[in-house]
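Below you'll find the structure, written out as structure tokens, and then a few comments.
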Amino acid sequence: MNKPETVLSRDNGERRNLRARRAMIGAAAIAGVLPLLAFACTNAPSNEFPTGNPTGSASGGSGGSGGSGGGDIFDGGFVEPVTISPVNPVMKLEVPLQNQTIQFTCNDTGTGQPVDATWSLSSLELGTISDTGVFSPNGKRTGEVTVHCQQKNSESKSQTNLKLVIHAMDNMGSVPQATMDVLRGPPGVSDPTWKFLYPYDETVFPRGILAPEIHLEQGSFPGNAFYVNIVAPDFEYEGFFNTSGFNTQLQMSQDAWTALSNSAAGMKVEVRVSKVYNNQKYGPIFRRWTIADGKLHGTIYYNTYDSPLAGQTGAMMRIKGNSPTAEVLVGNCTVCHSVGADGSTAAAANHSGPGGTFDLTGGGLNPPIVWQDSEKAAFAGIFPKNGEYILIHGAPGSGNTPGTGGQWKSELRTKNGTLIPGTGIEGYYAQTPAFSHDGLFVAFTDRNPAAWQTSALALMKFDPATQKFSDFEVIGTPKAGHHLSWPAFTPDSKFVVFQDGTGDDLVTWGANTGRIWAIDIATKQMVFLGQLNGDGYMPQGARDENKNYEPTIAPVASGGYFWVMYTSRRTYGNKLTSDSSVTKRLWVSALSINPKPGEDFSHPGFYISGQELTSGNSRGFWALDPCKADGNTCESGDECCNGFCNPTGDPPEFLCGPKDGTCSEEYEFCDTSADCCDPEHECINNKCTFVPPN
């Protein structure tokens, strides 16, 4: 197994570059030659925006010549007869990009004249270089890239480092320059009633989502122009907004958000907002956000009963990636759904039509039904690997979930509906069942028809090989009049997250209340997820509390966190503020990995952009997309059926394929943590996972 290099950044692009370099080094070792891969030093400052006022376009650093020897393990210690100009430049990008490029030349060291050369980069994450040495940035992140030139028809070669810093700016509504100068100036006076409504302080955001909106209270002095300023190492954002001081909603451009979230990945940033009223500056007021160094991969699936897209009727909906709009997956009142963690299978009821199980592997809308049953597939537990098994949600008669008639105990079926007898589950009314992400446990609401007004939370082991359930135990007992329901496992199977709520039908409507808790499976210690629930800090106070339901958890950790999606009837800033009967939407919170015993390991939630704003949405799943066969392009191993995303060619293209003999990068398949390239990674749910130190 190759020894891992020291990882200086948690950015996925940098990890992909390490993987590509490992592949190149391995190939060169077989040939008996090591390629030139050393990183030239740069004396550029660590942060180009210490005061938030960047200037310039590109400048040379004060470092040494562009790659003249030095005895590095990769360069062989020789002095090249060509050099690159400029040497160690710093390129200051304006985002949105404005046709910015930098011209490199490969020069003869004797004459100083340019020579014909071939050009390459150590990474394509920051931009591209042309055959004539013109570097074109993509503006997606800050960072460094090594530029290589090799004289044609010669072995003479050289390299230098290029550093990119970014100044991203929006001017929404053409704020005049004089007003911009006031907003950029010294701090203004205080408006004590002016405050943030959304996002919440200390929210953790993943990369790869739509830019969050900032919602503001009006305050005593309604602004007519607003300024958002965010500074991170080598990055600054300035957003100017000419908008009303009533129901103020500010959203940076997607290009600016992408550059910020990539550049500040793994960091906490301070978001400062100021306003102008009658030419007087107020603020800034502050929020702190953490940008997790990871994307949430896959597709969001959810349930609605009144979607305009679905003709004001019930439907399973989906949001692909960071799409700003939802799609109708299956309409015609196909509801009460579940989705398998690997994105292969869905199950749903349709009390007047074709409910059952659906094959999602084709990726299209209106997926084929593989087992048809109008009711029994409602809220089924789906085995996480190819949806091989479906655990039927029990119906005790009294205490049924809405729409379910009759009475039946739970049973295990195959994906196509074949009953599997004698599994050990047949003696239970297992409601809202959920498999662990490794498929070795199942949690459910244990409903007793003789005492159906209170329901406990139960756990059983499951052996996929023998198709048997065993070792029933109650892991949570509610107080009188409450039900513990809608369990979901963290990917490491250490915790079950669940809803503690009222309402015998276990749903989100009427006067039913809900709070989300976690239970440590080993110790049975209950943990209230206070930051997720929002008690004590949400702007509307008691109106927004005790209204969180139906948690589900993404199958793959990302950026050092688990991610839980839930239904909430809280207000959404100043955009959804009416009665809780019409504010049912989807939210996501980060969960810290490996928390200390008994501590709240949740973080404040964020609203899912892309869901319909005018429909009630619930029971969201962030599932992986159906896996890709070998030979398909990929970004990470969790996209691939074989579990590996390998670099191929030079410059490398990443393709799904079998294990290539090296260690496993983040998101790639592992059996143990020793399989992972990075010592900071743990093997969680057979994926190498970054786990930050406690």
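Exposure proxy ranking for Arg447, Arg207, Arg288, based on other Cβ atoms within 10 angstrom of each Cβ and starting from the fewest, stands as Arg288, Arg207, Arg447.
Please list, by residue number, every one of the trypsin sites (Lys or Arg not before Pro) in region 513-611 that is coil in DSSP and has at most 16 other beta-carbon atoms within 10 Å. Please list the in-between numbers first.
Details: sites: Arg515, Lys524, Arg543, Lys547, Arg569, Arg570, Lys575, Lys584, Arg585; in loops: Lys524, Arg569, Arg570, Lys575, Lys584.
Those that pass, being in a loop and sparsely packed, are Lys524, Lys575.
Length available on full extension from Asn416 to Lys659: 0.36 nm per residue minus the Cα-Cα distance, which gives 84.3 nm.
The mean sequence distance of close C-alpha pairs (under 8 Å, at least 6 residues apart), as a share of the length of the chain, puts its relative contact order at 9 percent. Put one equal scatterer on each alpha carbon of region 243-297, apply the Debye formula with no solvent term, and list log10 I(q)/I(0) at q = 0.29 1/Å to two decimals. Calculated log10 I(q)/I(0) at the listed q: -1.21.
Can you pull out the trypsin sites (Lys or Arg not before Pro) in region 124-187 whose DSSP state is coil and whose Cβ has at most 14 other Cβ atoms within 10 Å? When the trypsin sites (Lys or Arg not before Pro) of region 124-187 are filtered for loop state and at most 14 Cβ neighbours within 10 Å, Lys152 remain.
Could you name the aspartates and glutamates in cross-link range of Lys584, using Cα to Cα under 15 Å and dropping any fewer than eight places away on the same chain? Correct list for Lys584: Asp306, Asp544, Glu545, Glu550, Glu612. Our Cα-only numbers for region 322-381 put the radius of gyration and Dmax at 11.1, 33 Å. Residue exposure proxy: Ser190, Ser158, Ser85, Ser344, ordered by other Cβ atoms within 10 angstrom of their Cβ from fewest to most, comes out as Ser190, Ser85, Ser344, Ser158. The 3J(HN,Hα) values that the Karplus relation (6.51, -1.76, 1.60; θ = phi - 60°) gives for region 288-301 are, in residue order, 10, 10, 10, 9, 5, 8, x, 9, 8, 7, x, 10, 8, 10 Hz. Gly and Pro appear as x. Note on Lys295: lysines with a C-alpha under 19 Å away, same-chain residues under 8 apart excluded, are Lys140, Lys268, Lys320, Lys628, Lys687.
At full extension, Ala674 and Ser323 could sit 122.7 nm farther apart than now, given 0.36 nm per residue minus the alpha carbon distance. The convex hull defined by the C-alpha atoms of region 292-412 has an orientation-averaged projected area of 8.4 nm². With the convex hull of the Cα atoms taken as the outline of region 173-293, the averaged projected area works out to 6.9 nm². Within straight-line reach of Lys281, meaning a Cα separation under 12 Å, sit the following aspartates and glutamates at least 8 residues removed in sequence or on another chain: Asp181, Asp191. Across every pair of different alpha-carbon atoms, what Kirkwood hydrodynamic radius in Å does region 641-694 reach? Mean inverse Cα-Cα distance, inverted, gives 11.5 Å. Taking the helices alone, the chain has a mean residue ellipticity at 222 nm of -2000 deg cm²/dmol, built from -39,500 (n - 2.57) per DSSP H run of at least 4 residues and averaged over all its residues.
When the Debye formula is applied to the Cα atoms of region 423-545, each taken as the same point scatterer, what base-10 log of I(q)/I(0) results at q = 0.12, 0.19 Å⁻¹? Taken in order of the listed q values, log10 I(q)/I(0) reads -0.46, -1.05. In units of the rule-of-thumb radius 2.2 N^0.38 Å, region 296-623 shows an alpha carbon radius of gyration of 0.91. Per-residue extension of 0.36 nm, minus the Cα-Cα distance of Lys524 and Thr111, leaves a gain of 141.1 nm for this segment.
For the pair Glu473 and Gln312, a Förster radius of 60 Å applied to the C-beta separation gives a FRET efficiency near 0.85, rounded to the nearest 0.05. For Glu653, Glu599, Glu125, the sequence from fewest to most other C-beta atoms within 10 Å is Glu599, Glu653, Glu125. Dividing the convex hull volume of the alpha carbon atoms of the chain by its residue count gives 162 Å³ per residue.
With the simple spin-label model, which puts each label point 7 Å out from Cα in the Cβ direction, the Val134 to Asn171 separation comes to 2.7 nm.
Each reported figure results from applying straightforward, stated rules to the coordinates on display, with no laboratory input. Keep in mind the model is a prediction, meaning the values are calculated, not measured. Reconstructed Cβ throughout: ideal geometry from the backbone, glycine too, with neighbour counts over all protein chains shown.
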